[in-house]
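Everything on this sheet refers to the single structure shown next.
The values are calculated or read from the model by the stated rules, or taken from the named source; none is laboratory data. It should be emphasised that the depicted structure is a prediction, and the values quoted were computed from it without experimental measurement. All Cβ positions, even for glycine, are placed from backbone atoms using ideal geometry, and neighbour counts span all protein chains on display. Remember, those area values only see protein heavy atoms, side chains included, never the ligands or the DNA or RNA. Shrake-Rupley method; radii C 1.70, N 1.55, O 1.52, S 1.80 Å.
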Amino acid sequence: MRKLLSVAIILITGFVFIGRLFYMQVVDTSFVGLSENNAISVDYDYPQRGYIFDRNGELLVSNQPSYDVMAIPRDIEPFDTLEFSGLLNISIERLEKQLDKAKIYSPRLPSVIVPQLTKDEFAFLQEKMRKYEGFYIQKRSLRDYKTKNSASELGYISEVTNAEVDNLPYYKSGDLIGRSGVEKQYEEVLRGVKGVKYTQKDRFNRNIGPYKEGIYDTLPVKGKDITLTLDVKLQAYGEKLMQGKHGGIVAIEPSSGEIISLVTAPTYDPALLVGRKRSKNFTKLWYDTINKPLLNRGLQAMYPPGSPFKALTGLIALEENVIDTKETIGCHMGFRYGRKSKMGCHSHASPLSMTPALAQSCNTYFAKSYRRVIDKYDKASDGMDAWSNHLKSFGLGGFLGNDLPVGQPGRVPNGDYYDKWYPGGRWTSTYTLSNAIGQGEVLATPIQLANFTAAIANRGWFYTPHILKEIDDKPIKDEKFIQKNQTTISREHFDPIVEGMFGVYEYGTARFLQIPEVEICGKTGTAENFTKIDGERTQLTDHSIFIAFAPKDDPKIAIAVVVENGYWGSRFAGRIASLMIEKYLKEEISRKDLEKWVLEHSLEEEYAKPYSGEPFRINQ
């Protein structure tokens, strides 16, 4: 019995030791980090980043090979710094600075010393690297842009910061990450997965083979390809039309919420932010305070929406039942209110009902309609809240939730906003009357303007705008982008507004912008424009704004165009909107007269006026 007990104890002890040894060597890898300090080297195999295509399958962004000179500080042996810096084409001071930075990051982990060598530089250097222990060349992929357009929308990639390395476990020093646009928004989709190879070393720091026979080694996984909703040909045409101008164009497919075009002007060639000159080029773009090419005006610039806002004012008045489509209102070159106040208006037929009032852009009609909405309620703040809630249902006054990493919420004031301005509630509808015509405190981005235009085209609903169409040829399934958003306006109220917008082209303020065989509904807009010059609020030349959708009864495109300092709505923005619509629907331009005029007229002199002291044109 004692003999059996001894055998049992020995067997149990043996199984315990074997089990523990198996756990430590195979299951548990927590000791790996410690062993790496002296016995394990880790090499990464970087995957190719996913390709980017436009909605028609045209390749926009691919990859090109790049080579980084890497160093592991603890492995570096004494070397000729003068000779090596000459080979790398950098100064000795730069080389020493990079090596010091690498030591601070980690003595045992690789750091980038010289990034992004060209093929020729790599070929020249490769044979000489054997002389420099602790240094090696790491192959990576850089972006290769197949288009000169859409820089802000595509974005760019650059090296991770130390803070990102500390906070994001996937990234190591020298890795590249999406910095803006689609590259940033869909970084995890595009980047792929790095391959890893663990190599065991002896006490002389010589490789002795794969660690644990390579059971932890992995192959790289290429990033997924994505298809965008953008039409690159329409993008290129929009950027061409916006040369010499500042502003934004946003075009949306109403039936899907897909962003067909997103143009910001001025822009830049996306290839400028690739390679070793990226930092220098970025600095130059960043400090261009006149043109601001890094500002995505389609998403980030907030403007008074001007007269296109009258379409929403009319819809709210109908929904609040304070006016009907048959009532006519007289206009005598403006609307007088209070003792001495007057909102001016241009010359047109009078009196007018809602549909022709929108077509002729009558300020008086919509000012009175707005006033009735606010005055319907016992307190002006309650009326303002009702008005504000209607507007927010169209995506105004907040972030739309589109899938791009930058944006602005615009501004739609409510009752609390004015209660702070006028404590004690001592204000009435006349205090805020400019809101009726898209001035006052209302601000909107071009993408918000395009979105509410799409909602009108759909007679009361919209999909959240988005730029991603497919991942690896599979349509997106994000609920946010395939679920309809309903506005607070009943469907029957949209017909007279649509007819009024159609009248803008037929007999109204944009009748000279008609496109043959295309029924377009639009609205011109002229928005006051202010800035500070020497600390004083100064009025500049007005912005030109235009919204439109087409065809009228089967809308394929909804568009908003803002041209800063463009005088009035039909002058620049209206022409550009009509041309963009024809380009998208017919692929060819018949209105060569409009195109010629836009291409021949620049606004560069307008943008220089705050610096030159030249007078501005103020529309009355």
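Under unit Cβ charges (Lys, Arg +1; Asp, Glu -1), what dipole magnitude, rounded to 20 debye, does region 208-295 have relative to its Cα centre?
Dipole size: approximately 500 debye.
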Could you tell me whether region 380-454 comes out rounded, prolate or oblate from its Cα gyration tensor? Rule is a ≥ b ≥ c as square roots of the eigenvalues, rounded for a/c under 1.5, then prolate if a/b exceeds b/c, otherwise oblate. prolate
Going by the alpha-carbon gyration tensor, a ≥ b ≥ c the square roots of its eigenvalues, is region 196-348 rounded (a/c under 1.5) or, if a/c is not under 1.5, prolate (a/b greater than b/c) versus oblate? prolate
Per residue of region 401-415, what does 6.51 cos²θ - 1.76 cosθ + 1.60 with θ = phi - 60° give for ³J(HN,Hα)? Whole Hz please, x for Gly and Pro, Karplus curve as stated. x, 5, 8, 10, x, 10, x, 9, x, x, 8, 10, x, 10, x
Under 17 Å from the Cα of residue 342 - lysines, other chains or at least 8 residues apart: 368
Would you mind giving the three semi-axes, in whole Å and largest first, of the ellipsoid equivalent to region 423-518 according to its Cα gyration tensor? 31, 24, 14
To the nearest 20 debye, what charge dipole does the chain have about its Cα centre, counting +1 at the Cβ of each Lys and Arg and -1 at the Cβ of each Asp and Glu? 840 debye
Coil-residue GluC sites (Glu not before Pro) of region 475-546, DSSP, other Cβ within 10 Å capped at 11: 517
Of the listed pairs 532/609; 392/420; 245/292, which have alpha-carbon separations greater than 18 Å here? 392/420
From the P(r) of region 474-620, could you give the percentage of C-alpha pairs in the tail past 17 Å? 68 percent
Residues of region 131-222: accessible area per residue at 1.4 Å, in Å²? 52 Å²
Most to least accessible of 616, 530, 572 (protein chains only, probe 1.4 Å): 530, 616, 572
Around residue 334, which amide H atoms from residues at least 5 apart in sequence, or from another chain, sit under 5 Å from its own amide H, with H modelled in the peptide plane? 345
If you bin every alpha carbon distance in region 114-202 into 5 Å steps from zero, what whole percent lands in each bin? 3, 10, 17, 19, 18, 16, 11, 5, 2, 0, 0
Could you tell me which chymotrypsin sites (Phe, Trp or Tyr not before Pro) in region 44-107 are loop residues by DSSP with no more than 16 other beta carbons within 10 angstrom of their beta carbon? 79
Check residue 533: other-chain or 5+ apart residues with amide H under 5 Å from its amide H, H built from backbone geometry? 538
Along the charge dipole of the chain, Cβ charges K/R +1 and D/E -1, which of 432, 209, 602 sits furthest on the positive end? 209
Grab the DSSP H runs of the chain that are 4 residues or longer, score each as -39,500 (n - 2.57), total them, divide by all residues and round the 222 nm result to the nearest 500 deg cm²/dmol. -9500 deg cm²/dmol
Which GluC sites (Glu not before Pro) does region 67-172 hold that lie in a coil by DSSP with at most 15 other beta carbons within 10 Å? 127, 133
Can you compute the charge dipole magnitude of region 148-227 about its Cα centre, using +1 on each Lys and Arg Cβ and -1 on each Asp and Glu Cβ, nothing else charged? Give it in debye, rounded to the nearest 20. 340 debye
Charge sum, other residues only, whose C-beta stays under 11 Å from residue 496's C-beta, Lys/Arg counted +1 and Asp/Glu -1: -3
Where Lys and Arg each count +1 and Asp and Glu each count -1, what net charge lies around residue 598 among other residues with Cβ under 14 Å from its Cβ? +3
Which Cα, out of 134, 418, 526, lies furthest along the positive dipole direction of the chain (beta carbon charges, K/R +1, D/E -1)? 134
Once label points are set 7 Å from the Cα along Cα→Cβ at both residue 421 and residue 554, what is their separation, rounded to one decimal in nm? 4.6 nm
Under the rule rounded for a/c under 1.5, else prolate if a/b exceeds b/c, else oblate, using alpha carbon gyration tensor axes a ≥ b ≥ c, region 331-423 is classed as oblate
How charged is the neighbourhood of residue 219? Take every other residue with its Cβ under 14 Å from the Cβ of residue 219, and add Lys/Arg as +1 and Asp/Glu as -1. 0
